[in-house]
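Report on one structure; see the data block that follows.
The values are calculated or read from the model by the stated rules, or taken from the named source; none is laboratory data. Computed from a predicted model, the values in this text were never measured in an experiment. So basically every Cβ, Gly included, is an ideal-geometry build from the backbone, and we count neighbours across all protein chains shown.
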Amino acid sequence: MTKRELLYEGKAKKIWKTEDENLLISEFKDSLTAFNGEKKSSEEGKGALNNQISTELFKYLNEKGIPTHYVDTLDDNNMLHKAADVISIEVIVRNIATGSLSRNLGIADKTVLPFTLVEFDYKNDALGDPKLNDQHCLILNLVKNTDELDYIRFMARRINTLLSDFYASLDIKLVDFKLEFGRDKDGNIILIDELSPDNFRLWDANTDEKLDKDRFRQGLGGLTEAYRQVLERIKNR
């Protein structure tokens, strides 16, 4: 499978068409952005680490019966996956309060939530990815009906259960993360995008050391070293 026309370039990936209209290639980039693009940088090897971590997690979820777009990993930076019509909802799953949840609602940082919180953000950079409720989703025609929203919430919670257990076995806390979904050629809703420390908050279970993009957001340094540690723990599990 080879790259043909560049379909889209985002903050972290380039998406390429292939000779098969139902398959695309994601090329993972080394670029880093935070705060809606206000902070930018690049770290050599970050893209390859995200691709490899995403590969391991997509394979794990596929084995557990979660429908995803993943097909194959072509090399360090390139993933082959199904084409899908993106649903413009960022699904935020939270287990522990930190970041914007603590700032906006005054919940103390590191508070374990009494239940898993699932939130929706509008995937729209120009508007700053605002919060959505169910009625917003319907008004904007992001989904066909409330049954699709219920399904997306169900899948997000199921994925959270699987990945929380997965990371717990690696002595890592799954604090919160972002998921994206799309519709495949048959109209089925599937998990898409990536499953990397760019989109996941991961803390060492014993020290609460940050193993995710907060190292960049907060100027802590050592981002690729942290991502590499996550990958090594996954591969050695």
Q) Only one of (1) assigned by TED's automatic domain parsing to the domain that holds L191; (2) under 29 Å from W203 (Cα atoms) fails for L138. Which number is that? A) (2)
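Counting just the residues of segment 123-137 that are assigned to a helix (DSSP H, G or I) and touching a residue at least 24 places away in the same chain (Cβ under 8 Å), which one comes out nearest to G37 (Cα to Cα)? Before you say what the answer is, go through the steps one by one.
Applying the first criterion (assigned to a helix (DSSP H, G or I)) to segment 123-137 yields 125-127, 134-137.
Restricting the remaining residues to those that are touching a residue at least 24 places away in the same chain (Cβ under 8 Å) gives 125, 137.
Working: D125: 9, C137: 25 Å.
If we take residues in segment 123-137 being assigned to a helix (DSSP H, G or I) and touching a residue at least 24 places away in the same chain (Cβ under 8 Å), then D125 is nearest to G37 (Cα to Cα).
When you scan segment 90-107, do you find a residue that is loosely packed, with under 13 Cβ neighbours inside 10 Å and in contact with a strand residue (DSSP E or B) (Cβ under 6 Å, 6 or more places away or on another chain), even just one? Talk me through it step by step, then tell me what you get.
Pass one, segment 90-107, residues loosely packed, with under 13 Cβ neighbours inside 10 Å: 103-106.
In the following step, the residues that additionally are in contact with a strand residue (DSSP E or B) (Cβ under 6 Å, 6 or more places away or on another chain) were identified as none.
Looking through segment 90-107, none of the residues is loosely packed, with under 13 Cβ neighbours inside 10 Å and in contact with a strand residue (DSSP E or B) (Cβ under 6 Å, 6 or more places away or on another chain).
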Q. Do any residues in segment 147-161 that are in the same structural domain as V118 (by TED's automatic domain parsing) have Cβ atoms under 7 Å from those of residues that are part of a helix (DSSP H, G or I) and surrounded by 14 or more Cβ atoms within 10 Å (Cβ to Cβ), where the two are at least six apart or on different chains, and which pairs are they?
A. L149/C137; I159/L61
Q: Check L195 against each of (1) among the aliphatic types (A, V, I, L, M); (2) within 22 Å of N77 (Cα to Cα); (3) at pLDDT below 95 and name the one condition it does not meet.
A: (3)
Q.
Being within 20 Å of L7 (Cβ to Cβ) and of a type in the set (S, T, Y) is the requirement here; does Y122 meet it?
A. no
Q: Go over the candidates K14, K40 one by one and state the one that is in a strand (DSSP E or B), farther than 21 Å from L231 by Cα and more than 18 Å from the chain's Cα centre (by Cα).
A: K40
Q: Would you mind telling me which numbered condition in (1) within 30 Å of E232 (Cα to Cα); (2) in contact (Cβ under 8 Å) with a residue 40 or more places away in the chain V143 fails?
A: (1)
Q) Is it fair to say K123 is surrounded by 15 or more Cβ atoms within 10 Å (Cβ to Cβ), modelled with pLDDT of 95 or more and assigned by TED's automatic domain parsing to the domain that holds L162? A) yes
(Q) With the condition being under 17 Å from the mean Cα position of the chain (by Cα) and acidic (D, E), I'd like the strands (runs of 3 or more DSSP E) fully within segment 138-237 carrying at least 1 qualifying residues. (A) 172-183
**Q.** segment 24-40: number of residues that are in contact with a strand residue (DSSP E or B) (Cβ under 6 Å, 6 or more places away or on another chain) and surrounded by fewer than 15 Cβ atoms within 10 Å (Cβ to Cβ)
**A.** 1
